[in-house]
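To start, the structure itself, in structure tokens.
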Amino acid sequence: MTPLLDVRDLVVRYGPVEAVRGVSFDIGEQDVVALLGPNGAGKTSVLRAVSRLSPFAGEIRFDGVDTRRRAPERLARAGLVHVPEGRRIFPTLTVEENLQVATAARGGRAADIDVDDVYDLFPTLAPLRGRGGWALSGGEQQMLALGRALVGAPRLLVLDEPSLGLAPAVVRVVLDALEQLRGRVPVLLVEQNTEVALRICSRALVLAEGRVVLEGTPDELRGRSELVDTYLGQRAVG
């Protein structure tokens, strides 16, 4: 079966600096794949290449099509939806308007998740429907950014550090939502919080200096916790 996303021998350079060096992986229709690694390992560069936001060498195919044939906005219309670090909601629109705008990105695809479903996933947002994006807390903005992406009927959800800078209680809400989505929406995830990533992913790759140095299921990586800790530079896997 052809994978939904197929990345082969990916290389990303910024001038003379090679940020990603020969990374290969694939994602199926029900996979959640996490990219782990220390700062500077190349994780975000992989996401940006997948979404065609950074130039790259190698091959990336989405739904069997070479992504070089599609501009970033056409990839998004085809269902490759990227939620970057920093949320980037529309600050002058209300919560409800932010979510409604996303319906235009469906490109004719049937939506598995609608606006009301987002309020079910993130009950905190329900009483804030009429509040402007600029007036939301960081955690509320992250919930809205994720909810907006889901309303757009993604075929692949690309998430960059969804728990970054959030209070523990908000991290739990985001984690619970992602666990509920498992099996419904395939995800490519960069997450600095390794405990969070291993709870929701089906497979993880550990990157160091732009290369894949370890790969496996959450249980396999937990079984090699000392080695994983060495690459991550922290006590990350329990």
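The rows are residues; the columns are (1) touching a Pro at 6+ places or on another chain (Cβ under 8 Å); (2) of a type in the set (S, T, Y); (3) within 30 Å of G15 (Cα to Cα).
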| site | (1), (2), (3) |
| --- | --- |
| S54 | no, yes, yes |
| T67 | no, yes, yes |
| R70 | no, no, yes |
| H82 | no, no, yes |
| E96 | no, no, no |
| T103 | no, yes, no |
| D116 | no, no, no |
| G147 | no, no, no |
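Listed by first and then second residue, the pairs with beta-carbon distance under 9 Å, at least 6 apart or on different chains, first residue in segment 1-20 and assigned to a loop (DSSP other than H, G, I, E, B), second small (G, A, S), are M1/G28; T2/G64; P3/G28; P3/G64; L4/G28; L4/G64.
Among R131, R155, which is the only one that is farther than 28 Å from L53 by Cβ and either in contact (Cβ under 8 Å) with a residue 12 or more places away in the chain or touching a Lys or Arg at 6+ places or on another chain (Cβ under 7 Å) (or both)? So the residue among R131, R155 that is farther than 28 Å from L53 by Cβ and either in contact (Cβ under 8 Å) with a residue 12 or more places away in the chain or touching a Lys or Arg at 6+ places or on another chain (Cβ under 7 Å) (or both) is R131.
Within segment 1-18, restricting attention to residues that are among the hydrophobic types (A, V, I, L, M, F, W, C) and surrounded by fewer than 22 Cβ atoms within 10 Å (Cβ to Cβ), the residue that is nearest to V187 (Cα to Cα) is L4. Filtering segment 204-217 to residues that are in contact with a helix residue (DSSP H, G or I) (Cβ under 8 Å, 6 or more places away or on another chain) and not small (G, A, S) leaves V206, L207, V213, L214.
Yes or no, residue by residue, for (1) of a type in the set (D, E, K, R); (2) under 25 Å from D26 (Cα atoms); (3) buried (at least 20 other Cβ atoms within 10 Å of the Cβ):
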site: R129; (1), (2), (3): yes, no, no
site: S163; (1), (2), (3): no, yes, yes
site: P168; (1), (2), (3): no, no, no
site: V171; (1), (2), (3): no, no, no
site: Q180; (1), (2), (3): no, yes, no
site: V187; (1), (2), (3): no, yes, yes
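Selection of segment 26-38 for residues being out of contact with any Cys (no Cβ under 7 Å at 6 or more places or on another chain), at negative phi and touching a residue at least 60 places away in the same chain (Cβ under 8 Å) yields I27, G28, E29, Q30, D31, L35, L36, P38. Scanning for something within 17 Å of E29 (Cα to Cα), touching a residue at least 60 places away in the same chain (Cβ under 8 Å) and not aliphatic (A, V, I, L, M), does segment 203-221 turn up at least one residue? Within segment 203-221, one or more residues are within 17 Å of E29 (Cα to Cα), touching a residue at least 60 places away in the same chain (Cβ under 8 Å) and not aliphatic (A, V, I, L, M). Residue count for segment 52-72 satisfying the condition of being among the hydroxyl-bearing types (S, T, Y) and surrounded by fewer than 22 Cβ atoms within 10 Å (Cβ to Cβ): 1. Consider segment 73-114 and keep the residues that are among the hydroxyl-bearing types (S, T, Y) and surrounded by 14 or more Cβ atoms within 10 Å (Cβ to Cβ). The one that is farthest from L150 (Cα to Cα) is T94.
Could you say whether any residue in segment 187-201 is free of Cβ contacts under 8 Å to residues at least 24 places away in the same chain and either of a type outside the set (F, W, Y) or at negative phi (or both)? The answer is no; no qualifying residue exists. Under the condition of being closer than 20 Å to V185 by Cβ and hydroxyl-bearing (S, T, Y), the residues counted in segment 50-92 number 2.
Criterion first (out of contact with any strand residue (DSSP E or B) (no Cβ under 7 Å at 6 or more places or on another chain) and outside any helix (DSSP H, G or I)) does R109 satisfy it? Yes.
Each reported figure results from applying straightforward, stated rules to the coordinates on display, with no laboratory input. Quick caveat, the model's predicted, so the values are computed rather than measured. Reconstructed Cβ throughout: ideal geometry from the backbone, glycine too, with neighbour counts over all protein chains shown.
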